[in-house]
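Worksheet: one structure, shown below.
The values are calculated or read from the model by the stated rules, or taken from the named source; none is laboratory data. Remember, it's a predicted structure, so these values are computed and weren't measured experimentally. With ideal geometry, Cβ positions are generated from the backbone for all residues, glycine too; neighbour counts draw on all protein chains shown.
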C-alpha cells in the first residue's frame, strides 16, 4: 500500500480534555483506566512459604521478602553483590560460586499470658504502583499495622510498626546473618558483618527509632516496651565494585551502611516514604494497561484465590494486566543503578546454595529478564546489564584466549566468549555457549534502537559489537560452496552439536546486521562494515524442511513430535528479526509449523517457555495462540504470590510474560510500528499507554470491539517511521517532542 508522510503537531497542542476522553496519554502522563492501573496483590492470611507466598520489595540493589506474620514478622533480605566464587577461567562450575542470602530481620510481638493466639481483620498487600507492603490485623482489640518499602533514593529498607492505641507496641527485634555471624547490639542499633572465603566484605546495620515507650539493647537483640510507634531502618552492602583492576573489591562497607543509616535517620518516616513513592511511582506510572474489567465477585477475591479460579478456566483480565505490571515492578526492584543486573531470581534469594547458583544463565534466561526493559518503558533498568558486561570483558577475554577450541594455528581468536553460566567477578561455569557473546550484543543494540542514544552507541555498544564481530570473523567456517557456518554448533536443548545449528546462525546474523546499522549510524569503519555485511550475506540462511517446518539443523532431520521446552531455532522470529510475517512470509509460515509441533504438554510446561512462545506467536501475528500461552503460564506455572515457577521459581518467566504481552500489542522490529498485531478476542476492549517502539517512539492506544479506535505516537528522537494497522500503512514524520494522533485508518485527528 502506498505510504504518505503525515505532518505532526506539537505535543502541547493536545488538550488534556481530549486525552482524557480518549483514555490516552502524551509524553508519559498516564490516565487511570480502573483497578488494573492500580494493581494490588493482597491476601487474607500470613505467608508460610518464602517461595510461594512471601512478597518481594526491592530498590534495584537491596531487596527483601516480607511474610506479614502477626506474632513474629520475618523480613528476609538480600543485597545483589553478595557472592562467593571468583575469576574462574577454567569453567569448573563449583568454583564459580553462588549468590548468597544476606540475612533476616525478625520483629516479635509480646503476648500477654491472657491473650488469645487468634487475630482478626487480617490483610496483607503489596501495591505495585507505590512499591509499598502493608499488613493490618486486630489483636486483643488493638489494630496493628506494619508498612515496609525498599527506598532507592535513600538506599535502605524502611519498616514502620504502628497501632491505634498508645503504648501498645512491645516486643523484640532481631537481626541475623546467614553465615554464622555474631550480631552486635548497641542501644538502638543492631549490626553484623564478615567476609566470604573469596575476601568479599559485607555489613548489615539496623537502626530502631521509637515514639513513646522504652527501647534498649538486650543481648544481641533490641527490646521494645510500651511504644506508640517503631520505625526500623535497614542498610546492607558489600565491598564489591565493578572493576577488574581492583579485583572487584572496593571500600569497607561498614562506613557505607553507617552513612546510609545516618542520612536516613535525619528524615521522618513520612519524608522517607514520600521520597520513595515519588521515585517509584514516576517510573512505574509510565505504562498503564487495561485489557478488560473483571467481574466484581472475582475482583473481591484475594490474589491467591483469584489465581486458583483462573487456573480452573475463569476469566480475569485484570489479573492478566496485573501480571504484566508485576514484571515491570520486579525489574525495577532488581535492576537499577548502582546495582547489578537481575539474576535468575531477580535479587530475591533465601539460600546460600540456590538452584543454578542463582547465576547469570546466558542461553536465554538473563536475556529474557531484559526483554521487557525497552518496550515496557524501563530503559534505565537495562543499564546494569551493560555495566556488568563491560566489567567482565577482561576475564572473559582471558578465558577465551586460553581455550584451545578458540585458537587458530595455536593463536587465540580476537574477542571474548562465555560459558552458559557466569558470576559477577569473571567466573564462568558449565559448557561453552559460543554465541552467547553475540546474544549479549543484541541487548546493547536494542537499547540504542529504542532510545537513539548515539553517545551510548558510540562509547559503550559499538566497541563491543565490533569486537564480537571480530571473534566471529576469526571463528566462522567456510563451506565448499562459499557459505559460512558457525562451527561445532550448540543449542540449549541438545548441547554441543554439528556445524551450522540454526539457533547459532540466526544469532550471528543478527549480530552482523546490528553492527552494520551501528556503523552506518556513526558513519565510521566503512571498509570493515562492508566486510561484515558481506559475511552476513554468506551465512547459511534459515531453511524449510520436508514437513514444512523451520529446520533446527542444516540437515533435514527434525523430529515432528519433539516437544522439548526450547524453541531455540525460532530465535530469528523473536527476539531476533531475521524472520517476519511481512518481510519473509514463507519462513514465518515454517516457523509457525515448528512452533505448533512443539506442543504444550510435558517438558514444555516451564515458566519461561510460555512467555517465549507467547512472544513468538505474537510475532507470527496469531493473537489467539499467543493468548493460549498467557493462560497456560497462569494455569501451570504460577505461584500464589505470582512468582513464575520453573520449578523452582525463576523470574525470567515473569519478565518474559511482560515482554510477550507487550509484543501482542505493539511491534517495531520489522522497520515499522505495528499497532495491535496480535490482539486476542479475549481482550476485545482496552487501552495501553506508555509502550515504547524502536526509533525513539512512545505509543498509546485505545481499542473497542477488537478494533483500534485511536493511537497517539510520540517522538523523542525526531525520525520518520511507517506505521501499520492491519493492511493500512502510513509514514509519520515527527520532530523531537512532537506527537500525532491517528484513527483506525491511520489518518490524523
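Below is a table of values for the structure above.
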quantity	calculated
So residue 309, is it touching a strand residue (DSSP E or B) at 6+ places or on another chain (Cβ under 9 Å), assigned to a helix (DSSP H, G or I), more than 23 Å from residue 65 (Cβ to Cβ) and outside the structural domain of residue 83 (by TED's automatic domain parsing)	no
Hits in segment 725-749 (condition: farther than 14 Å from residue 697 by Cα and either assigned to a strand (DSSP E or B) or in contact with a strand residue (DSSP E or B) (Cβ under 7 Å, 6 or more places away or on another chain) (or both))	725, 728, 729, 730, 742, 743, 744, 745, 746, 748, 749
Selection status of residue 29, farther than 30 Å from residue 193 by Cβ and either assigned to a loop (DSSP other than H, G, I, E, B) or at pLDDT below 95 (or both)	yes
Test for residue 654: is it assigned to a loop (DSSP other than H, G, I, E, B), over 24 Å from residue 546 (Cα atoms) and in contact with a strand residue (DSSP E or B) (Cβ under 8 Å, 6 or more places away or on another chain)	no
Selection count where residues are in contact with a helix residue (DSSP H, G or I) (Cβ under 9 Å, 6 or more places away or on another chain) and assigned to a loop (DSSP other than H, G, I, E, B), scope segment 85-99	9
Which numbered condition residue 717 fails, given (1) closer than 29 Å to residue 583 by Cα; (2) modelled with pLDDT of 95 or more; (3) surrounded by fewer than 20 Cβ atoms within 10 Å (Cβ to Cβ)	(2)
Enumeration of residues in segment 351-367 that are touching a strand residue (DSSP E or B) at 6+ places or on another chain (Cβ under 8 Å) and not in a loop (DSSP other than H, G, I, E, B)	356, 357, 358, 360, 361, 366
Residue list for segment 273-304, restricted to those being within 19 Å of residue 636 (Cβ to Cβ) and touching a helix residue (DSSP H, G or I) at 6+ places or on another chain (Cβ under 9 Å)	303
The lone exception for residue 319 - which of (1) closer than 26 Å to residue 64 by Cβ; (2) not in a helix (DSSP H, G or I) it fails	(2)
Residue in segment 246-258 that is in contact (Cβ under 8 Å) with a residue 24 or more places away in the chain, more than 21 Å from residue 97 (Cβ to Cβ) and buried (at least 20 other Cβ atoms within 10 Å of the Cβ) present	yes
Yes/no for residue 394 being surrounded by fewer than 19 Cβ atoms within 10 Å (Cβ to Cβ), in a strand (DSSP E or B) and either in contact (Cβ under 8 Å) with a residue 12 or more places away in the chain or outside the structural domain of residue 469 (by TED's automatic domain parsing) (or both)	no
Selected residue [at pLDDT below 95, more than 34 Å from the chain's Cα centre (by Cα) and over 30 Å from residue 283 (Cβ atoms)] from 219, 141, 167	141
Members of segment 368-384 that are out of contact with any strand residue (DSSP E or B) (no Cβ under 9 Å at 6 or more places or on another chain) and in a helix (DSSP H, G or I)	368, 371, 372, 373, 380, 381, 382, 383, 384
Selection from segment 678-691 of residues that are over 18 Å from residue 744 (Cα atoms) and touching a strand residue (DSSP E or B) at 6+ places or on another chain (Cβ under 6 Å)	691
Flag for residue 318 being over 16 Å from residue 55 (Cα atoms), surrounded by fewer than 19 Cβ atoms within 10 Å (Cβ to Cβ), at pLDDT 95 or above and not assigned by TED's automatic domain parsing to the domain that holds residue 375	no
Qualifying residue in segment 593-608 (condition: farther than 30 Å from residue 348 by Cβ, surrounded by fewer than 24 Cβ atoms within 10 Å (Cβ to Cβ) and in contact with a strand residue (DSSP E or B) (Cβ under 8 Å, 6 or more places away or on another chain))	yes
Test result for residue 724, crowded, with 19+ Cβ neighbours inside 10 Å and either closer than 13 Å to residue 623 by Cβ or in contact with a helix residue (DSSP H, G or I) (Cβ under 9 Å, 6 or more places away or on another chain) (or both)	no
Residue, surrounded by the most Cβ atoms within 10 Å (Cβ to Cβ), within segment 331-356, restricted to residues that are more than 12 Å from the chain's Cα centre (by Cα) and under 24 Å from residue 67 (Cα atoms)	348
Sole residue being surrounded by fewer than 22 Cβ atoms within 10 Å (Cβ to Cβ), under 21 Å from residue 275 (Cα atoms) and out of contact with any helix residue (DSSP H, G or I) (no Cβ under 8 Å at 6 or more places or on another chain), chosen from 127, 123	127
Residue in segment 265-281 that is loosely packed, with under 14 Cβ neighbours inside 10 Å and over 30 Å from residue 211 (Cα atoms) present	no
Test for residue 224: is it farther than 21 Å from residue 338 by Cα, in the same structural domain as residue 273 (by TED's automatic domain parsing), crowded, with 23+ Cβ neighbours inside 10 Å and without any contact (Cβ under 8 Å) to a residue 40 or more places away in the chain	no
Residue check, residue 328 surrounded by fewer than 22 Cβ atoms within 10 Å (Cβ to Cβ) and modelled with pLDDT of 95 or more	no
Candidate set from segment 56-74 (those that are surrounded by fewer than 24 Cβ atoms within 10 Å (Cβ to Cβ) and assigned to a strand (DSSP E or B)); member that is farthest from the chain's Cα centre (by Cα)	72
Filter result (farther than 23 Å from residue 661 by Cα, outside the structural domain of residue 133 (by TED's automatic domain parsing) and in contact (Cβ under 8 Å) with a residue 12 or more places away in the chain) within segment 273-306	302
